[in-house]
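Worksheet: the structure to be examined is printed underneath.
Please treat every number below as a calculation from the coordinates, not as lab data. What you see is a predicted model; the values in this text were computed from it and never measured. Glycine also receives a Cβ, built like all others from the backbone with ideal geometry; neighbour counts cover every protein chain displayed.
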Amino acid sequence: MTTILILDDNATLLQMLGLILRSKGGYQVLEATTEEEAVSRIECYPGGVDLLVADVCVETRPGRIIASRLAAMCPELRLLFISGYPQDHLVEKGWLQPGDPFLAKPFTPERLMRSVNQVLANAYPTHTMPSGAGRTACAGGAA
């Protein structure tokens, strides 16, 4: 069974995403609101995690930096970033790299499922960034 870890510091959104992915996709879903919770979920989950759906900024820390840490623990991990900011703005700020799988908020359940399925269908993991890539802090916050 495909397992997805959702990382978002908005607990309401986290629960909604989990519900959608479980009910519409039949996925096993793990949830985390902090970087340390995400690390713990990956360490404690015996089956491995296939996809990380992460907010671009979690508790002022860029999602790419957190994703890099998690990908080092789980080499087959695929990534999908979400944010309320436009993708080009996030790339300009260094919070995303061009080509990073990205889904802009707000989105419909159907769009979420389409994006998740597209990333999972990719034959190769999507974490190709070095461990220090991107900015180390989200100044001004990113949604």
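Please tell me if Ala104 is under 18 Å from Ile4 (Cα atoms) and surrounded by 13 or more Cβ atoms within 10 Å (Cβ to Cβ). Against the criterion (under 18 Å from Ile4 (Cα atoms) and surrounded by 13 or more Cβ atoms within 10 Å (Cβ to Cβ)), Ala104 does not qualify.
For the stretch 7-47, the set of residues classified as part of a strand (DSSP E or B) and within 15 Å of Arg69 (Cα to Cα) consists of Leu7, Ala32, listed by residue number. Across the stretch 51-104, the number of residues qualifying as touching a Cys at 6+ places or on another chain (Cβ under 8 Å), assigned to a loop (DSSP other than H, G, I, E, B) and on the phi < 0 side of the Ramachandran plot comes to 2.
Residues in the stretch 17-31 that are surrounded by 14 or more Cβ atoms within 10 Å (Cβ to Cβ) and either more than 20 Å from Leu120 (Cα to Cα) or among the hydroxyl-bearing types (Ser, Thr, Tyr) (or both): Tyr27 only.
Just one of the listed residues (Thr34, Thr2) is in contact with a strand residue (DSSP E or B) (Cβ under 8 Å, 6 or more places away or on another chain), of a type in the set (Val, Ile, Thr) and more than 18 Å from Leu120 (Cα to Cα), and it is Thr34.
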